[in-house]
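Here the structure is laid out as C-alpha cells; the discussion comes afterwards.
The values are calculated or read from the model by the stated rules, or taken from the named source; none is laboratory data. Predicted model, so just to flag it, every value in this text is computed and none were measured. Cβ placement follows ideal geometry from the backbone for every residue including glycine, while neighbour counts extend to all protein chains displayed.
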Amino acid sequence: MKQMKQPVVSLQWFGGQSRVGERILSLFDRYKLPTSSYFDYTAGGLAIPLRIAMTRRGQNVTVNDRCRYTAIGARALLLELPQPIDFWIAKIPPVSERVRGVLTELVEEAHLSSRRILEKDTAFTQDVIQYVDAVATLCQDQNTLLLALGRTLLDATFRSLGWSRKTANGEVVSDWTPQSVFERMCYHLGGITLAQQKVAEQGGHHHVFCEDCDNLASVASTIHKDAVVYIDPAWPWSKKIGMGAKNPYFFLSGPLSDILSGVRVPPSHIRWDDYTDEQIMEELCKWIDGSFERGAHAFIPNNQTSNRPHPDFMEEFLRERYASQVVYSQRFSAHSMGHRTTRPASYDYAEHWWVILNEGEALL
Ligand SMILES: C[S@@+](CC[C@H](N)C(=O)[O-])C[C@H]1O[C@@H](n2cnc3c(N)ncnc32)[C@H](O)[C@@H]1O
C-alpha cells in the first residue's frame, strides 16, 4: 500500500512535528533501529507516533505526555476500537442539553476579572458554553467524542494558543450555535474514525501514559525493551527569540484539558525555565539512562536553535557523556526542510537530532 504523507487527523497542536516526520522515520532505516516498538516521551500532537501506527505494520507505539488533551487524543486514536462514524454520531448528546461545567466556570471567572485573559474568555454564547459542558460531562468515558469536541474547540482559537473571535477561515465564533458544535464534531469524527481504522489495520499493540517524564523510566521493562525512545520536550525559549517564559502549551494542557476532562487541575510547572543548561542536560540524561537500564535500544532527542540549551551545547555535553554511543548528530536548517518559519529572517532557525544507542549496541 502507498505510504501516506500526512496523518489524516491532527490534534492541532502548537509546534506539532508532522513536517519532520519522514526525516525522523528515515533514521530508523539508516541506523537499522528495531521498528517493533516506538516510545514517544512527550508526544504532544502525536504527529510521529500516529504516522507510525497508521503506516507501519505490527509496530507497537507507546505514547506519553503530561498533557491530558494528548492522553485523550491518544486513547481515542490508538486504543479505541474502530466503529462506523454513525455509531459515534448517534452518541453525541442532543443539542438541547445544557450543563454548567468547567467552561461555564472559566468564562464566569473571566467576566469577573478586571483583566479578561485570553485563556478564559471565549466569544461563545451561553448556549454554546453550556452545550460544550454538557458534551464533556456526558461523554467522559468516550475518548473519541472528547477528541472530536477538543478539535472543535480548537477551531475557535488562535493557533491553539488561546481563544479567538474568528475561526481560521473567518467564521465569527459568536455566531456559533449548539448545532454548529454538533456539526463540527461530526466533521472531525470523519478524520478520527478514518485514522482509527488505519491504526487497527496495521495491527500494533499500543500504550498511553499521562505522566511526567520523571516517572517513565520506571514503567514496565517490557515496554522499554528494544524501544526507540524519542523526545521533543518543551525546551525553554532562547532569550534571543523573545518568547520570555510564556508556555506555548498552556491552553492545551490547562483550560482545554480541564474542559474536556471536567476537572480543573493546576497547570504543570515548566521547571526547566529556572534551570541552567547543565541542569536541563542532567535531567535529560537521567531519562536517557533510565530508559537504557530498562532495555531501550536507542534514545533520540531533538532540539532547535530557537531554544535552550543551544544544540551546540547539547552536542558537546552528549558527546562527552555518551561518547561512541552517539551514532548520529545532524542539524537541518528550516530551508533545507522546506519549512517556512515565522522567526526573523536574520535568525538561523534549525532543528537538531541525535541518535544515542544503548551501551553494547554502539559496536554493532
Ligand atoms: C514540543 S511539544 C511536543 C510536540 C510533538 N513532538 C508533536 O509533534 O506534536 C513538547 C511536549 O512536552 C510535554 N512535556 C514537557 N515537559 C514534560 C514532562 N516533564 N513530562 C511529560 N511531558 C512533558 C508538553 O506537554 C508538550 O506536549
**Asked** Consider Glu183 against the criteria (1) within 22 Å of Leu77 (Cβ to Cβ); (2) in contact (Cβ under 8 Å) with a residue 60 or more places away in the chain: it satisfies all of them except one. Which criterion is unmet?
**Response** (2)
**Prompt:** Just one of the numbered conditions (1) modelled with pLDDT of 90 or more; (2) more than 10 Å from the ligand (Cβ to nearest atom) is not true of Arg68; which one?
**Reply:** (2)
**Request:** Filter the stretch 8-30 down to residues that are without any contact (Cβ under 8 Å) to a residue 60 or more places away in the chain and not in a loop (DSSP other than H, G, I, E, B), then give me how many there are.
**Result:** 6
**Request:** Restrict the check to the stretch 151-161 and report whether at least one residue is buried (at least 18 other Cβ atoms within 10 Å of the Cβ) and among the acidic types (Asp, Glu).
**Result:** yes
**Failed item, numbered, when Ala217 is tested on (1) touching a Ser or Thr at 6+ places or on another chain (Cβ under 6 Å); (2) modelled with pLDDT under 90; (3) within 28 Å of Asp133 (Cβ to Cβ)** = (3)
**Request:** Identify all residues within the stretch 226-266 that are modelled with pLDDT under 85 and within 10 Å of the ligand (Cβ to nearest atom); write none if there are none.
**Result:** Asn247, Pro248
**Thr222, sole failed condition from (1) in a helix (DSSP H, G or I); (2) hydroxyl-bearing (Ser, Thr, Tyr); (3) within 19 Å of the chain's Cα centre (by Cα)** = (3)
**Fill in**
Listed by first then second residue, the pairs whose first member lies in the stretch 250-277 and is under 30 Å from Val99 (Cβ atoms), whose partner is in a helix (DSSP H, G or I) and near the ligand (Cβ under 10 Å from one of its atoms), with beta carbons under 6 Å and at least 6 positions apart or on separate chains, are Leu252/Tyr69; Leu256/Tyr69; Ser257/Arg68; Ser257/Tyr69; Ser261/Arg68
